[in-house]
Amino acid sequence: MSRIAAPSAATAPPRGRDPADARRWLKARREELGNRYLRRPDPQRCLAAHSALVDALLSRLWAESIRDPQVALVAVGGYGRGMLFPHSDVDLLVLLPDGRAPDADIERFVGLLWDCGLEPGNSVRTLGECLEEAAKDVTVDTSLLEARLVAGDPALMADLERRLHARRSVREFFRAKVEEQRKRHDRFQEAAYNLEPNIKESPGGLRDLQTVLWLARAAGIGRSWDELARQDIITPREAAGIARNERILQDLRLRLHLLARRREDRLVFDHQIEIARQLKLKGAKSLAASDLLMRRYYLAAKAIWRFNQILLANLYARIVPARERRIRALDGDFRLVDYTLDLRDESLFERSPGKVLEAFRRLQDDRNIANLSATALRAMNRALPRIDRAFREDPGNRRLFMDIVRGDRFTWTLRRMSRYGVLGRYIPAFGRIVGQMQHDLFHVYTVDEHILMVIRNLRRFRLPKFDLEHPLCSRLMQEFDAPELLYLAALFHDIAKGRGGDHSALGARDAERFCRAHGLKRADARLVAWLVEHHLTMSSTAQKQDLSDPEVISEFATLVRDERALTALYILTVADIRGTSPKVWNAWKAKLLEDLFRSTRRILRGDTEYAAKSIEAKKAEALRILRQYVHDERAHEALWRHFGENYFQRFEASEVGWHTRTLFLRPSPERPVVRARLSPIGEGLQVMVYAHDQPGVFARITGFFEKHQFDIAAAKIYTTGHGFALDGFQVLSQVRAGEHYRDLIHKVETGLAEALDPASPLGAPPTGRVSRWVKHFPIEPKVEIVRTRDGAAWQVFAACADRPGLLSAIARALLAAGLNLVDARVTTLGARAEDVFVVTGAAFEDEAGREAFAAELRRVLAG
């Protein structure tokens, strides 16, 4: 029932029941406290002082409102700890004796709290009700564990503490809190390294430290890090390290609350920059000040996660008597204690550092071992400095590392090696990218977390239970002769980010040296290095080049050389894209990559005439589809005589059959024909537009789609021999609540046909809110204009931050310049747009015209 020192008389709350006076007093005191903190930051002093302010106000209000001496006002939760953040809820319990109901005084008191601006999280319960709720809900039990008397009857409060302690099972409480933490970590995707982390709830956040102290307090072991050190749960040095990292997170959370002027626990982009400025952090050439701030957070979160694991293991060992633990010797160095791997001698890792890797190998091999024991974790922490150059060059350690790479549960093991700091010591280049931000508008994880996500994806392809996620990749990965080569390529593919220069080339050199040093054959080492160097090539080719062009496929086949390299690159590319963000991957990207893979494989298998065969096969398949609906064997001829070979190259057989079935009776309609259907790729709609070719068609189409919040994933533009535009679009849309896909199809078919009416005004491009990511981390628009490989047209490459109405604005710029659109390839990566437009027109006949258009387009892209 410890109390917090009250404010001095000069700052005491006002007397009287006017809530406006109390509200003004509280606001002024909080502002003073916040300003004082920003001048001289001391998180624990500030949090305790805020709790004392609230204590003083509540005590005054209680004394003036409550006449019954046998009830109590109790602080619970964070307020009970005396650690009240500026805009956190003031968690209160009005405690009544059994058999007592709240009277009018209590009801007025609770209402007064809101009037005073306290925003309490309050409950009114009898002592018996508290015991009953605590028995049912571990969250209630936890909040009462930290209960502290603010005002009222101390005897009632003492009775509550005594009876709670008597009925609480420490073991059950431990089990429940550990399970609660596991679920919380799962809810935050086990990613403390999200670019906008929740510094309270994410793995490695403040809640992980609070969980430990709750357990220690419930077991009667201690209430602070110093007390745990005195009880030999941790060493004094570990206690100091925990306190230091806790202060870092408390400081960040305090600044977030003060900046946002509300409860805010996510370190969002908006506040990262301002907090870095407050802390006077100075960035380097390739590192912004906010990146330094976030690296400070990520390193603190990793340390807290590690301490959390050590402390939980130590507390479990203290709570469960030694006689109840199952101990089995494994050899002269290791033993199994319950389900944890323990050391028979605490100095093992310092005497024989190589045993660190052996411990991970044992964890990986034996599924009955859940984790390392507290003793092993602490010993590993102390031995980290011994993982030095001599350690890395030791042949035995290199063999052990490769055994881990080739073993089962590699992702699970590697993630633990990373979190315990071992991976960054063994591969120093990996250590340098721990906590490194990525502001490319599509990666949502730090570099190290992204690498681990890619390796996880590769491992999932290897396991049959995940076959349905990506059947082709799964089959290819399960057939691949040396999956460790893909794991190593993933480990090194982004490892050189932030050094300056081409990270792919720098990483390839690192990868080849590492592979050769670890005993891989020269050909395998070169394949890993080649995969790292070209890990972006397949994605770029699939999304930015015309896959219907045989020369594109031929050039890509020349680059990959053989089917083994192609297969490895395809698998790595899919895993890489899926590991950038949950929102970047979609069915259209999957189809493009698979099409490129299959076309290239045909060439590598010697089918040099595949392009010509493909056109004939498409025609035959399209006619088969048509004859399911139309029995006239010559029904297609009137339409097809207007189609050139390029049409059959560009469109799939299913599309050709669909177009023909829809248009064969009216190959030259007066009004635009718009048809939509569920896309065969399994996501979004496929849309066909057939209309007289005229300036502005593409601008009208893009304007319609953007206005109605459809994302254009791909566009195929074709002009027939008799002057009609036959365009195909792959569009994605979120089906809203109560809206059927047929509603979307109707909206597209009717609305787009009306929008294509040349008599209707074109209208302004749609606008909308730019994402916070784009707002705070803008990228410079890039425009490049080059000849197509046949010299008949020009390719316009445009890269910029995505925004609502962007594609419409580009279409209008092309229209204004008098350029004819021949083809368009639209690519969206998170919040980044990378589009390619193939155009013809007099404006590009001389270099001055091209430069003028490039300058105008850059202005449009900049918004």
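Checking each residue in the stretch 599-636 for being surrounded by fewer than 13 Cβ atoms within 10 Å (Cβ to Cβ) and of a type in the set (Lys, Arg) picks out ARG605, LYS613, ARG624, ARG634.
Taken over the stretch 272-299, the residue count meeting the criterion of being open to solvent by less than 40 Å² (accessible area, probe 1.4 Å) and either closer than 17 Å to VAL444 by Cβ or touching a residue at least 60 places away in the same chain (Cβ under 8 Å) (or both) is 6. Selection of the stretch 443-472 for residues being more than 27 Å from PHE188 (Cα to Cα) and in contact (Cβ under 8 Å) with a residue 40 or more places away in the chain yields only LEU472. Within the stretch 754-766, not a single residue is open to solvent by 50 Å² or more (accessible area, probe 1.4 Å), farther than 28 Å from ALA831 by Cβ, modelled with pLDDT under 90 and within 33 Å of the chain's Cα centre (by Cα).
Which one of these is of a type outside the set (Phe, Trp, Tyr), at pLDDT 90 or above and either more than 19 Å from GLN694 (Cβ to Cβ) or surrounded by fewer than 16 Cβ atoms within 10 Å (Cβ to Cβ) (or both): HIS708, HIS746, HIS776?
Just one listed residue meets the conditions, HIS746.
I'd like the full set of residues that are modelled with pLDDT under 90, surrounded by fewer than 21 Cβ atoms within 10 Å (Cβ to Cβ) and farther than 11 Å from PHE698 by Cβ, limited to the stretch 804-826. Within the stretch 804-826, PRO804, GLY805 meet the criteria.
Being touching a Leu at 6+ places or on another chain (Cβ under 6 Å), modelled with pLDDT under 95 and small (Gly, Ala, Ser): is that true of ALA284 here?
Working: touching a Leu at 6+ places or on another chain (Cβ under 6 Å): no; modelled with pLDDT under 95: yes; small (Gly, Ala, Ser): yes.
In short, no.
Residue count for the stretch 361-390 under the criterion of being open to solvent by 40 Å² or more (accessible area, probe 1.4 Å), within 22 Å of ARG409 (Cα to Cα) and part of a helix (DSSP H, G or I): the result is 3. Among the conditions (1) under 39 Å from the mean Cα position of the chain (by Cα); (2) in a helix (DSSP H, G or I); (3) among the basic types (Lys, Arg), the only one that LYS583 does not satisfy is (2). Figure legend. Inter-residue proximity from the stretch 527-549: first residues under 21 Å from ASP510 (Cβ atoms), second residues in a loop (DSSP other than H, G, I, E, B) and open to solvent by less than 10 Å² (accessible area, probe 1.4 Å), beta-carbon distance below 6 Å, spacing 6+ or different chains. Indicated pairs: VAL532/HIS493; HIS535/HIS493.
Put simply, of LEU252, LEU259 the only residue that is more than 23 Å from the chain's Cα centre (by Cα) and either of a type outside the set (Gly, Ala, Ser) or surrounded by 18 or more Cβ atoms within 10 Å (Cβ to Cβ) (or both) is LEU259.
Restricting the stretch 789-799 to residues that are of a type outside the set (Lys, Arg) and modelled with pLDDT under 90, the residue that is most open to solvent (accessible area, probe 1.4 Å) is ASP790.
A quick yes/no check of all residues on (1) over 14 Å from the mean Cα position of the chain (by Cα); (2) at pLDDT below 95; (3) among the basic types (Lys, Arg):
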position: ASP394; (1), (2), (3): yes, no, no
position: ILE404; (1), (2), (3): yes, no, no
position: LEU414; (1), (2), (3): yes, no, no
position: PHE430; (1), (2), (3): yes, no, no
position: PHE442; (1), (2), (3): no, yes, no
position: ASP448; (1), (2), (3): no, yes, no
position: LEU458; (1), (2), (3): yes, no, no
position: ARG462; (1), (2), (3): yes, no, yes
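The number of residues in the stretch 394-408 that are over 26 Å from ILE369 (Cα atoms) and touching a residue at least 12 places away in the same chain (Cβ under 8 Å) comes to 1. Within the stretch 39-55, the residues that satisfy the criterion of being part of a helix (DSSP H, G or I), touching a helix residue (DSSP H, G or I) at 6+ places or on another chain (Cβ under 8 Å) and either open to solvent by less than 80 Å² (accessible area, probe 1.4 Å) or free of Cβ contacts under 8 Å to residues at least 12 places away in the same chain (or both) are PRO43, CYS46, LEU47, ALA49, HIS50, SER51, LEU53, VAL54.
Inside the stretch 711-730, residues that are in a strand (DSSP E or B), among the polar types (S, T, N, Q) and surrounded by fewer than 22 Cβ atoms within 10 Å (Cβ to Cβ) make up a count of 1.
Listed here are the residues, each with its yes/no results for (1) over 20 Å from THR235 (Cα atoms); (2) touching a residue at least 60 places away in the same chain (Cβ under 8 Å); (3) touching a strand residue (DSSP E or B) at 6+ places or on another chain (Cβ under 8 Å).
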residue	(1), (2), (3)
ALA301	no, yes, no
ALA313	no, yes, yes
ILE319	no, yes, no
ARG323	yes, no, no
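With modelled with pLDDT under 95, more than 17 Å from PHE648 (Cα to Cα) and part of a helix (DSSP H, G or I) as the only criterion, which of ALA612, ALA590 stands out? One residue alone meets the criteria, ALA590.
Okay, residues lined up against (1) closer than 22 Å to GLN210 by Cα; (2) touching a residue at least 12 places away in the same chain (Cβ under 8 Å); (3) touching an Asp or Glu at 6+ places or on another chain (Cβ under 8 Å); (4) open to solvent by 40 Å² or more (accessible area, probe 1.4 Å):
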{"site": "ARG125", "(1), (2), (3), (4)": "no, yes, yes, yes"}
{"site": "CYS130", "(1), (2), (3), (4)": "yes, yes, no, no"}
{"site": "ALA134", "(1), (2), (3), (4)": "yes, yes, yes, no"}
{"site": "ASP137", "(1), (2), (3), (4)": "yes, no, no, yes"}
{"site": "THR142", "(1), (2), (3), (4)": "yes, yes, no, no"}
{"site": "GLU146", "(1), (2), (3), (4)": "yes, yes, no, no"}
{"site": "VAL150", "(1), (2), (3), (4)": "yes, yes, yes, no"}
{"site": "ASP153", "(1), (2), (3), (4)": "no, yes, no, no"}
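Being farther than 30 Å from PRO778 by Cα, out of contact with any helix residue (DSSP H, G or I) (no Cβ under 6 Å at 6 or more places or on another chain) and buried (at least 20 other Cβ atoms within 10 Å of the Cβ) is true of LEU414.
Within the stretch 56-65, being open to solvent by less than 20 Å² (accessible area, probe 1.4 Å) and in contact (Cβ under 8 Å) with a residue 60 or more places away in the chain holds for LEU57, LEU58, TRP62. The residues of the stretch 514-553 that are open to solvent by 20 Å² or more (accessible area, probe 1.4 Å) and not in a helix (DSSP H, G or I), listed by number, are HIS518, GLY519, LYS521, HIS534, LEU536, GLN545, ASP546, LEU547, SER548, ASP549.
The values are calculated or read from the model by the stated rules, or taken from the named source; none is laboratory data. Quick caveat, the model's predicted, so the values are computed rather than measured. With ideal geometry, Cβ positions are generated from the backbone for all residues, glycine too; neighbour counts draw on all protein chains shown. Note: areas computed on protein heavy atoms with side chains; ligands, DNA, RNA excluded. Shrake-Rupley method; radii C 1.70, N 1.55, O 1.52, S 1.80 Å.
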